[in-house]
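A.B. asks: Can you read through this structure? Questions will come right after.
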Amino acid sequence: MNKTEISKLVEYSENGPVKKVFYDKGNIKAQIMCLKTGQTIPPCKMNHDVLFYVIKGKGYIFVDDEKEELFEGTAVVVPKEAKTRSIKSDEDMIILGVQGIYDRK
């Protein structure tokens, strides 16, 4: 079992998003991402499926040619097949990101 107090991981920076990995064992990697208003997680390609859950705030996620609004309580799963994904905040955000790290056969 691994218990984490998420509130203790929340940290914002004027220099860009803050990412804090709090679990990285076996087939799961979990992190908290904090974005101040207007900050962006730049487009990137992931090698694993990723679940994003918005704990606080509002913004948008861009996956390939799709754009979806994010707000408190929403979850998005981005499959590893996506070519690119990014997130932009409209207000301060706290996001839980969980990667499933495994090979599909």
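Read-outs: derived from the displayed coordinates by stated rules, not from any lab. For clarity, every value in this text was computed on a predicted model and none was experimentally measured. So basically every Cβ, Gly included, is an ideal-geometry build from the backbone, and we count neighbours across all protein chains shown.
A.B. asks: Give the residues of segment 35-87 that are of a type in the set (Lys, Arg) and touching a residue at least 24 places away in the same chain (Cβ under 8 Å), sorted by residue number.
C.D. replies: Once the filter is applied, which keeps residues that are of a type in the set (Lys, Arg) and touching a residue at least 24 places away in the same chain (Cβ under 8 Å), segment 35-87 yields Lys36, Lys45, Lys56, Lys58, Lys80, Lys83, Arg85.
A.B. asks: Would segment 6-18 turn up any residue that is touching a Phe, Trp or Tyr at 6+ places or on another chain (Cβ under 9 Å) and not in a strand (DSSP E or B)?
C.D. replies: Yes, the conditions are met somewhere in segment 6-18.
A.B. asks: Another question about this same structure. Mind listing whichever residues of segment 1-45 are within 12 Å of the chain's Cα centre (by Cα) and surrounded by 16 or more Cβ atoms within 10 Å (Cβ to Cβ)?
C.D. replies: Correct list: Pro17, Val18, Lys29, Ala30, Gln31, Ile32, Met33, Cys34, Leu35, Ile41.
A.B. asks: Looking only at segment 19-38, which residues are outside any strand (DSSP E or B) and either closer than 12 Å to Gly97 by Cβ or touching an Asp or Glu at 6+ places or on another chain (Cβ under 9 Å) (or both)?
C.D. replies: Matches in segment 19-38: Lys36, Thr37, Gly38.
A.B. asks: Oh, and also: Can you go through Phe52, Phe22 and tell me which one is aromatic (Phe, Trp, Tyr) and touching a Ser or Thr at 6+ places or on another chain (Cβ under 7 Å)?
C.D. replies: Numbers: Phe52 fails: touching a Ser or Thr at 6+ places or on another chain (Cβ under 7 Å).
None of the other options fit; the residue is Phe22.
A.B. asks: Another one. Would you pick out the residues in segment 44-101 that are assigned to a strand (DSSP E or B), among the acidic types (Asp, Glu) and over 18 Å from Ala30 (Cβ atoms)?
C.D. replies: Correct list: Glu66, Glu68, Glu69.
A.B. asks: Kindly indicate the residue of segment 48-89 that is over 17 Å from Val18 (Cβ atoms) and of a type in the set (S, T, N, Q) and also nearest to the chain's Cα centre (by Cα) among those meeting that condition.
C.D. replies: Checking each candidate, the answer is Thr74.
A.B. asks: Could I ask something else about it? Could you grab me the full set of residues in segment 73-105 that are surrounded by fewer than 13 Cβ atoms within 10 Å (Cβ to Cβ) and either aromatic (Phe, Trp, Tyr) or touching a Gly at 6+ places or on another chain (Cβ under 6 Å) (or both)?
C.D. replies: Tyr102, the sole residue that qualifies.
A.B. asks: Inside segment 1-25, can you point out the residues that are among the acidic types (Asp, Glu), over 12 Å from Leu35 (Cα atoms) and touching a strand residue (DSSP E or B) at 6+ places or on another chain (Cβ under 8 Å)?
C.D. replies: Asp24
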